[in-house]
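Please treat every number below as a calculation from the coordinates, not as lab data. All figures in this text were calculated on a predicted structure; none of them were measured in a lab. Virtual Cβ from ideal backbone geometry, glycine too; neighbours counted across all protein chains shown.
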Amino acid sequence: MLHFKEKINVYILMTGRLLNIFNFFCLKIKDKDGSFLGVEIEINGIKILILGIYAPNTKKQNFFEDLRNSILALDYENWCLLGDWNGVIDPSMDKLASKDIKASQGKLPKSFFDLMEITQLQDIWRYKNGNAK
């Protein structure tokens, strides 16, 4: 795990105009493999850690344990995790049935669910869409 305190300007291109959405934010954390990167932004005096995740296809148990430990070491009250988790919470809800694929294939490991519980994460898509596939 590497920690940084670099200042970065963030711009978004919208309908041909370049907008500066934050004067700067601080790069707080990234792992050595490039699987997650966290930045701190501050809005109205509230600090938020935003983490971009690209979970590996293998060794997921270790990855989510490392991610959990990294997040908790930074001691934030507000965070947002987003990205590609390379797995699903509930295969029966989040995957289409196939004869060639086991029902549990692609399910996220226990360390992911520990991370969800400790950090009180919520699957926003599932929250908004209920049991819809």
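Pairs K107/K133; K59/K107; K28/K128; K60/K133; K32/K59: which exceed 19 Å Cα-Cα?
Those over the limit are K28/K128; K60/K133.
Could you tell me whether segment 30-74 comes out rounded, prolate or oblate from its Cα gyration tensor? Rule is a ≥ b ≥ c as square roots of the eigenvalues, rounded for a/c under 1.5, then prolate if a/b exceeds b/c, otherwise oblate.
Verdict is prolate for segment 30-74.
Quick check: pseudo-label points 7 Å beyond the Cα along Cα→Cβ at R126 and K59, how many nm apart are they?
Computed distance between label sites R126 and K59 equals 2.7 nm.
Which far-off residues, 5 or more places away or on another chain, put their amide H under 5 Å from the one on V88, with H placed in the peptide plane?
K107, L108
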